[in-house]
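Below is one structure; the comments refer to it alone.
The values are calculated or read from the model by the stated rules, or taken from the named source; none is laboratory data. Keep in mind the model is a prediction, meaning the values are calculated, not measured. Ideal geometry is used to build each Cβ from the backbone, glycine not excepted, and the neighbour counts take in all protein chains shown. All accessible areas refer to the heavy atoms of the entire protein, side chains included, with ligands and DNA or RNA removed. Shrake-Rupley method; radii C 1.70, N 1.55, O 1.52, S 1.80 Å.
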Amino acid sequence: MQYERQPRYKFLYSFSAFGYCDFLLGHGCCEEVLERAGFGIEITKRNNWLLSIALDYLSLGKTHTLLFQKNGQAEHRKATAQHLDAAVAGLEKAGTQHNLPWGFLARAHYRRLLQDWPGAAQDLAAARDIAESGGMRLHLCDYHLESARLALAMGDKGDAREHYEAARALVSETGYHRRDG
């Protein structure tokens, strides 16, 4: 539909692009997301769309996280940190509190991979605080799932089980089965 209205743009951009890139990442299409988010960030920066810029950085950061997780290359580690920090700062600057947990959750995932337990816990606490204060139950599901992963990485099976059970209850209540895998 966007192509019909704007044929000069070969890819989605802005919030639509973020959603589609997130879908693609769920299917392991990292190279396609790098291309799409790279395309989108040119448009969003040119128009100074703060939220869209932050979401493009978030797509890039999440992609580099997955690439770093797969092959551990230093180039992905550096790119991930830059993009995720820019995403969180950009989401804060855009003032859209309901989107901010995405940034904190993505950065917590990356920090967990680096074994930066305090940094991951700090980002998780920030995501939880926003999600709880805003009644954002889907973000709370993701918070509990990432908290369970962090607890497992730290060797705390009891805490991991508690977070898993909390996530499972929220999934049942909300029907949020996107993270079932």
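Every residue, every condition in (1) touching a Pro at 6+ places or on another chain (Cβ under 8 Å); (2) surrounded by 15 or more Cβ atoms within 10 Å (Cβ to Cβ); (3) among the aliphatic types (A, V, I, L, M), yes or no:
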{"position": "Ile130", "(1), (2), (3)": "yes, yes, yes"}
{"position": "Leu140", "(1), (2), (3)": "no, yes, yes"}
{"position": "Tyr143", "(1), (2), (3)": "yes, yes, no"}
{"position": "Ala151", "(1), (2), (3)": "no, yes, yes"}
{"position": "Ala160", "(1), (2), (3)": "no, yes, yes"}
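Of all residues in region 70-90, those being open to solvent by less than 50 Å² (accessible area, probe 1.4 Å) and either part of a helix (DSSP H, G or I) or touching a residue at least 24 places away in the same chain (Cβ under 8 Å) (or both) number 10.
Residues satisfying the criterion are absent from region 2-11 (criterion: surrounded by fewer than 18 Cβ atoms within 10 Å (Cβ to Cβ) and at pLDDT 90 or above).
For Gln82, the conditions (1) of a type outside the set (Lys, Arg); (2) in contact with a helix residue (DSSP H, G or I) (Cβ under 7 Å, 6 or more places away or on another chain); (3) within 22 Å of Leu51 (Cα to Cα) all hold with the exception of (2).
With the structure loaded, tell me whether Gly155 is outside any helix (DSSP H, G or I) and either more than 14 Å from the chain's Cα centre (by Cα) or farther than 22 Å from Ala17 by Cβ (or both) or whether it fails that test. For Gly155, the condition - outside any helix (DSSP H, G or I) and either more than 14 Å from the chain's Cα centre (by Cα) or farther than 22 Å from Ala17 by Cβ (or both) - is met.
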